[in-house]
Amino acid sequence: MKYLLVLILVILLAAGGAAAWMWYGLTHPYQGFAKEGVFVDVPRGASPRYVAYLLQQNGVVRSKLAFEIYARRHPKRTLQAGEYFFDRPLTGRDVYWKIAGGQVYQQPFTVREGETMFDIARELEAAKFMPASDFVYAAGDPAPIRDIAPDAKTLEGFLFPATYELPRHPKASELTADMARKFKEQWKRVVASGATEMDPINAGEHKSVNQTVTLASLVERETPKTEERPMVASVFENRLRKGMRLQCDPTVIYGMERLGKYNGTLTGKDLSFDSPYNTYEHSGLPPGPIGNPGEASLRAALHPADTKLLYFVANTQGGHFFSATLTEHNKNVVKYHRLLAGLPAEPPPPPPGPKRKHSKGTAKKSKHHQGKGQ
């Protein structure tokens with residue numbers, strides 16, 4: 001009997017010690033990893049036991065058993081899949097709620113207005129998110145926007161400029177789908193706020209969504225000034241109505257970029273570059289967007305200013321001189337070249353000529369000569 005009591009006491013002490021150890025493991029911060037931190041990738045559908053094993057193996061929790069028991073005490077919560085980053089000591093409970101709350105590791109990545117899918121690809125690669133080729137390949141599939149833009153050939157124009165929170169190694173197809181989803185949300189809002197009854201599929205002047213976004217991309221690439229965008233859109237609309245070529249330099253650049261032929265400088269010779277995107281050589285809009293426009297340019301393409309403008313040229317201060325006739329435009333081109341040369345846009349007025357002085361004596365003499373002549 002005495003031995004039985006001792007055995008029971010030992011068991012109780014052991015159980016108490018184990019419980020105390022597990023409680024300690026859950027309530028006291030622990031860091032068994034290097035100071036630079038550690039990433040733990042929780043697979044989709046992983047059991048609490050396997051997650052506990054991963055955490056202990058990576059030095060994030062002190063006791064995998066304690067973590068597993070704590071997790072099983074919350075059967076209504078699910079440990080979320082994803083990659084988690086740990087850079088400081090945490091208690092087992094804090095680790096559990098971080099994973100149950102899906103606080104996966106993310107980094108901000110910003111797509112700026114007007115950037116092309118090639119620009120975005122290069123920046124993703126530079127930030128070590130993914131190879132540029134992976135993104136370009138995914139952006140070449142228009143499936144995510146086929147419901148609103150069935151004639152789109154790629155996702156160019158529909159990769160909405162915004163800041164996205166990305167894991168360390170995002171999947172290219174998931175990222176392009178997210179960008180396209182963001183575009184559709186913004187497009188719906190922009191169309192709805194236009195105060196006109198327009199079908200989202202045929203917004204603007206009977207243009208398809210793809211055509212409207214294409215126009216918006218030209219506007220975006222031509223001017224950084226929000227207030228100018230409706231006027232730039234008006235110039236393009238007016239030229240389209242008159243059957244005039246758009247003669248938009250960024251379309252030439254884009255056509256060259258697609259073939260790896262652009263070196264950063266556009267020359268006069270390049271304006272005859274053989275490309276369907278070259279609006280010096282081809283009438284109408286290019287076959288698709290030449291970049292990814294933001295909200296202001298989308299609004300401008302949907303609602304151009306009501307003008308008779310047909311031309312614009314840079315004013316060297318980020319804006320443009322606009323004109324309705326070729327004569328006015330040529331004068332503005334002269335202004336542009338004067339500004340480039342560091343001169344005022346308008347030449348100074350000519351100096352006044354010398355004034356003739358008329359004294360009384362001179363007047364009399366003149367009168368006397370006139371009298372003699374008579």
Just give me the residues in the range 305-353 being touching a residue at least 60 places away in the same chain (Cβ under 8 Å), surrounded by 12 or more Cβ atoms within 10 Å (Cβ to Cβ) and closer than 19 Å to ARG239 by Cβ, in sequence order. ALA305, THR307, LEU309, LEU310, TYR311, PHE312, HIS320, PHE322
Considering residues that are over 19 Å from GLU125 (Cα atoms) and surrounded by fewer than 15 Cβ atoms within 10 Å (Cβ to Cβ), the number found within the range 147-185 is 6
When the range 34-55 is checked residue by residue, the ones that are more than 37 Å from the chain's Cα centre (by Cα) and free of Cβ contacts under 8 Å to residues at least 12 places away in the same chain are SER47, TYR50, TYR53
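Condition check: under 28 Å from GLY140 (Cα atoms), surrounded by 13 or more Cβ atoms within 10 Å (Cβ to Cβ) and at pLDDT 95 or above. Does PHE236 satisfy that?
When the stated conditions are applied, PHE236 passes them.
Residue-wise test of (1) within 30 Å of SER133 (Cβ to Cβ); (2) in contact with an Asp or Glu (Cβ under 9 Å, 6 or more places away or on another chain).
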site	(1), (2)
ALA216	yes, no
GLU228	no, yes
LYS242	no, no
GLN247	no, no
GLY255	yes, yes
LEU266	yes, yes
ASP274	yes, yes
PRO289	yes, yes
For the range 60-84 the number of residues that are among the hydrophobic types (A, V, I, L, M, F, W, C) and within 40 Å of the chain's Cα centre (by Cα) is 4
Collect the residues in the range 99-138 that are out of contact with any strand residue (DSSP E or B) (no Cβ under 9 Å at 6 or more places or on another chain) and among the small types (Gly, Ala, Ser), keeping them in residue-number order. ALA100, GLY101, GLY114, ALA121, ALA126, ALA132, SER133, ALA138
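A quick yes/no check of all residues on (1) basic (Lys, Arg); (2) over 17 Å from the mean Cα position of the chain (by Cα); (3) at pLDDT 95 or above:
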position: GLU220; (1), (2), (3): no, no, yes
position: THR223; (1), (2), (3): no, no, no
position: MET231; (1), (2), (3): no, yes, yes
position: THR251; (1), (2), (3): no, yes, yes
position: THR267; (1), (2), (3): no, yes, no
position: THR279; (1), (2), (3): no, yes, yes
Among helices (runs of 4 or more DSSP H) entirely inside the range 73-141, those with 3 or more residues being without any contact (Cβ under 8 Å) to a residue 12 or more places away in the chain are 117-126
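Considering only the range 216-254, how many residues are assigned to a helix (DSSP H, G or I) and either of a type outside the set (Gly, Ala, Ser) or without any contact (Cβ under 8 Å) to a residue 60 or more places away in the chain (or both)?
Number satisfying all stated conditions: 26.
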GLY157 - would you say it is at pLDDT 95 or above and in a loop (DSSP other than H, G, I, E, B)? yes
Please work out if GLY59 is small (Gly, Ala, Ser), within 24 Å of PRO170 (Cα to Cα) and part of a loop (DSSP other than H, G, I, E, B). no
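The values are calculated or read from the model by the stated rules, or taken from the named source; none is laboratory data. In this text the structure is predicted, and so the values were computed from the model without any measurement. Here the Cβ is made from the backbone with ideal geometry for all residues, glycine too, and neighbour counts use every protein chain on show.
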